[in-house]
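Since the structure comes first, as structure tokens, the remarks are kept for the end.
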Amino acid sequence: MRLDPEDPGLLWGVTVFETLRVRRGGIRSLGAHLSRLRRSAALLDLACPVPTSLQAWCWTAQAALGVPEAVIRITLTAGGTALVLARPAPRRRTAVRCVRVPVPRFFGRLAAAKHGNRLAGLRMVAAHPDVDEVLWTDAEGRLMEGTWSNVVGVEDGLVVTHPDDGQILGGITRAAVLALAKAQGIPTELRAVDPDRCTELYVTSSVHGMVPVVALDGQDRPGRGPLGDALDRLLWDPPAG
């Protein structure tokens, strides 16, 4: 593999990417991930290979790795390079400690793109080494999303998450949780999450599923609850057929 040393993806971090979970040998939500990759590329005016090529490369990388539990990362650079890498899946997170930080003002239209510039998030995480995830908030301190996750709250049987309105990156797992909730007859509402009103609080990602928040801003939280636990079981190990 060759990379142009002057590729803007290397020089300036102009890239978009997707991280996919391989579970029991199957690539989860492959079509949804590739659709979001195309949308992200369009926002940054990057070229995107056709879906059939990306699908083939993902399966080739998974087959070469040869394990049933893996993570695949697709990266597109501004120089026109497409990288597809597979690695064994990390141990799934069972809980996270979080801190709230106001969302950076410069996010703008890039908030809806899964771009490679993670500097703001990395700086915030480095500034809070005692937590696992930094959660961006709106002006009222309500939760919008994390540096690698979306946020889902439970308020007395109601599932709440921030709307996919261009201010956040609409997560694939977040969308799956909403779909599962609706299929189970659980009411949902799209708005910023007020943690003080939540009896259960989770962050979601393709790699880890629904992970309970056990501490926020140094204050302990209840962790996993019955509604989130039921949704997570359906999400992580859906029934056959």
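In the stretch 8-63, what count of residues is obtained for those that are among the acidic types (D, E) and in a loop (DSSP other than H, G, I, E, B)?
Within the stretch 8-63, the subset among the acidic types (D, E) is 18, 45.
Next, only the ones that are in a loop (DSSP other than H, G, I, E, B) stay: 45.
Here the count works out to 1.
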Say we look at the stretch 176-201 and pick out the residues that are touching an Asp or Glu at 6+ places or on another chain (Cβ under 8 Å) and surrounded by 17 or more Cβ atoms within 10 Å (Cβ to Cβ); which of these is farthest from R142 (Cα to Cα)? C198
Determine, yes or no, whether T81 is surrounded by fewer than 19 Cβ atoms within 10 Å (Cβ to Cβ), more than 14 Å from V193 (Cβ to Cβ) and more than 17 Å from the chain's Cα centre (by Cα). yes
Q167 vs (1) in contact (Cβ under 8 Å) with a residue 40 or more places away in the chain; (2) open to solvent by less than 50 Å² (accessible area, probe 1.4 Å): all pass except (2)
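I need the strands (runs of 3 or more DSSP E) fully contained in the stretch 138-241, keeping only those with at least 2 residues that are of a type in the set (A, V, I, L, M, F, W, C) and at pLDDT 95 or above. Write out each step before concluding.
On the way: elements: 143-146, 150-155, 158-161, 188-190, 200-205, 209-216.
Hits in the stretch 138-241: 143-146, 150-155, 158-161, 200-205, 209-216.
Filter the stretch 90-105 for residues that are open to solvent by 30 Å² or more (accessible area, probe 1.4 Å) and in contact (Cβ under 8 Å) with a residue 24 or more places away in the chain and give the result.
Residues of the stretch 90-105 that are open to solvent by 30 Å² or more (accessible area, probe 1.4 Å), as a first pass: 90-95, 97, 100, 102-103, 105.
Scanning the stretch 90-105 gives P90, R92, R93, T94, A95, R97, R100, P102, V103.
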Restrict the check to the stretch 142-164 and report whether at least one residue is open to solvent by 10 Å² or more (accessible area, probe 1.4 Å), under 28 Å from I74 (Cβ atoms), touching a residue at least 12 places away in the same chain (Cβ under 8 Å) and aromatic (F, W, Y). yes
Regarding G108, is this residue in a loop (DSSP other than H, G, I, E, B) and either modelled with pLDDT under 95 or open to solvent by 50 Å² or more (accessible area, probe 1.4 Å) (or both)? no
Report, ordered by the first and then the second residue, all pairs with beta carbons closer than 9 Å, sequence separation of six or more or different chains, a first member in the stretch 58-80 that is under 28 Å from D45 (Cβ atoms), and a second member that is among the basic types (K, R) and buried (at least 21 other Cβ atoms within 10 Å of the Cβ). V71/R21; I72/R21
Please go through the stretch 209-219 and give me each residue that is in contact with a strand residue (DSSP E or B) (Cβ under 7 Å, 6 or more places away or on another chain) and surrounded by fewer than 18 Cβ atoms within 10 Å (Cβ to Cβ), ordered by number. V214, A215, D217
Candidate set: the stretch 2-36, residues that are charged (D, E, K, R) and open to solvent by less than 10 Å² (accessible area, probe 1.4 Å); chosen: the one modelled with the lowest pLDDT: D7
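The values are calculated or read from the model by the stated rules, or taken from the named source; none is laboratory data. In this text, all values refer to a predicted model and were calculated from it rather than measured experimentally. Note that we place each Cβ from the backbone using ideal geometry, even for glycine, and neighbour counts take in every protein chain shown. Only protein heavy atoms, including side chains, enter the accessible area calculation; ligands, DNA and RNA are left aside. Shrake-Rupley method; radii C 1.70, N 1.55, O 1.52, S 1.80 Å.
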